[in-house]
Amino acid sequence: MKTRILVLAGIALLLGAAVVPLAAQSLLDNEYYHKAQDLLSQSQQALDAGDYDNSASLAMQARDYLAKSDDYVVTMTQFYRANGYLSIAKDRVSYAKSIDADVHYKAAYDTAVSDVTGAKTALDGKDYPKSIDLSKSAIAALANIAPVAKKPPKEPTPQPAAQPDLPQYYTVRLLLPRRDCFWRIAEYPFVYNNPWKWRLLYDANKDLLEDPKNPNLIQPGMRFIIPGLAGETRDGDYDPQVEYPPLPAK
Amino acid sequence: MRRIIYLGAVVGALFLIISCASTPPQQPKPETPQPQAAQPAAAAPDAELAQAKSLQQRVDALGLGTYDPEDYAAANKDFQAGQDSYGKDNAASKKSLQAAISEYNAVISKGGALFLARLQEQTEASKKAADDLKASVAVKDDYASANGLYKKALQEKDAGDIENASGDFSQSRDDFDAVTKVAQQKKDAAVQALQSAQQDKSASEQKAADAQKALKDEGFSSSGSGQ
């Protein structure tokens, strides 16, 4: 038993050690870091050969490049964050447009469009903090929009079978071993059928959380609103007994 | 006939009187020493004295006495004896000085070899320390200078030139020591710089990993696009 535990622990450690560098791989995949690595290698070779002055000089150059790599990591982190928020904001604006928010929530829609435009401009100008602020502002402007009930068609076309609306609300459940989280809720076919859309859920419901800054802590029984994603009609609470049509995965 | 005899006697007497009157009476000789019969005196051994003195100075200047203490003690004793008897018994002085010269030469021959061997050993130890630090690369010009002097000392040693060989061995030893010191300082600085750079590298990797994790926690990707 002990041996098995030790073996498992060893495997876990190895996996952990492998995951950390992999996780940071893309941000470190920059010319400055590669140059610094190259200079460090040359510095070690010069040291081994007794060319100490050159070794020290190469090491100093490597430090300069590492500082540049650090700056690059900070900048790119801001860029990815700004780009991510802009992507969410654009999705929200698209959704708003699809439910005619430009008519029914004109002020909010116009604000969001303006903010998204500004966010894009700021992103292109590498003013990432400003871009993030504007994207967040756009998302917030459209946080409370919902589809407005449309007038029934004058001559409704007969439907082969009544399809239930998708749920507007979802109550967090304790489904062991699969625990609900924003990621898994977004993954449900009747929600977004795409776990990567979790942030839309989170942004719409963060005020319900004990710690609005922590999307990882949700409690069973919390009732989350499901913002529309692509013009789908949503209404009522999720009923596990109902078979909902899946939202097309996007 | 009597007259002739008488006359002869008178003349003889007169002759005796005259001759006795011109010769001072014999006095007893005083006791002052009279010069002996001339004997060949030994010349002062000036050349031997000068040579022995020169050899002694050379031996002492190089400190060779400690390498051959028996011959050195005998040489000093004979040199002292030669000086003491100089001018009194030049033959004995010369003999002592010649013995001293022979003994000083023995000291130079035996002690010189040992002295140079010791200096060479010291120099080679200093050279090895410099080589171990790769000083020929780190302090190229100074190392080359020290090494050139060392090779010159070896040639001088082979030629029996103790003075120049010892001087050059000593100088090259000191030069190698100085080169080693500089090389060590340069190496320490390089090692320190490299360690600092390695620490910076680890810190940079950690910063990137932290940033990557923060992005992931926020639901963003760092693959160039948003969610």
What's the ranking of A:133-141, B:51-59 by average number of surrounding C-beta atoms within 10 Å, highest first? A:133-141, B:51-59
Long-range amide H partners of A:T171, meaning residues 5 or more apart or on another chain whose placed amide H is closer than 5 Å, are A:F224, A:Y238
Can you compute 3J(HN,Hα) from phi for each residue in region A:102-107, using the Karplus curve 6.51 cos²θ - 1.76 cosθ + 1.60 with θ = phi - 60°, rounded to whole Hz and x for Gly and Pro? 5, 9, 7, 10, 4, 4
Extension reserve of the A:D71-A:V103 stretch, reckoned as 0.36 nm per residue once the Cα distance is removed: 7.1 nm
Approximate spin-label separation B:Q83-A:Y169, in nm, with each point projected 7 Å along Cα-to-Cβ: 12.4
For A:K97, which aspartates and glutamates qualify as cross-link partners when the Cα separation must be under 16 Å and same-chain residues fewer than eight apart are set aside? A:D110, A:D115, A:E232
From the backbone phi of region A:206-223, what are the Karplus-calculated ³J(HN,Hα) couplings (6.51 cos²θ - 1.76 cosθ + 1.60, θ = phi - 60°) in whole Hz, Gly and Pro given as x? 4, 5, 7, 7, 4, 10, x, 8, 10, x, 7, 10, 10, 10, x, x, 5, 10
In whole Hz, with x marking every Gly and Pro, tabulate ³J(HN,Hα) for region A:116-125 from phi via Karplus 6.51 cos²θ - 1.76 cosθ + 1.60, θ = phi - 60°. 5, 4, x, 5, 5, 4, 5, 4, 5, x
Could you list, in their original order, any pairs among A:K90/A:K120; A:K136/A:K197; B:K110/B:K152; A:K213/B:K213 whose Cα atoms are separated by more than 20 Å? B:K110/B:K152
How would A:S26, A:S55 line up from fewest to most surrounding beta-carbon atoms within 10 angstrom? A:S26, A:S55
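Hey, got the average number of other protein chain Cβ atoms within 10 angstrom for residues in B:131-141? Don't jump to the answer; show the numbers that get you there.
Numbers: counts 1, 1, 2, 6, 2, 1, 7, 7, 3, 2, 0.
Counting other chains' Cβ atoms within 10 Å and averaging over B:131-141 gives 3.
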What is the set of long-range amide H partners of B:D161 at a cut-off below 5 Å, with H atoms built 1.01 Å from backbone N? none
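Quick note: the coordinates plus some simple rules give every number you see, no bench work behind them. Not measured: the values here are computed from a predicted model. Virtual Cβ from ideal backbone geometry, glycine too; neighbours counted across all protein chains shown.
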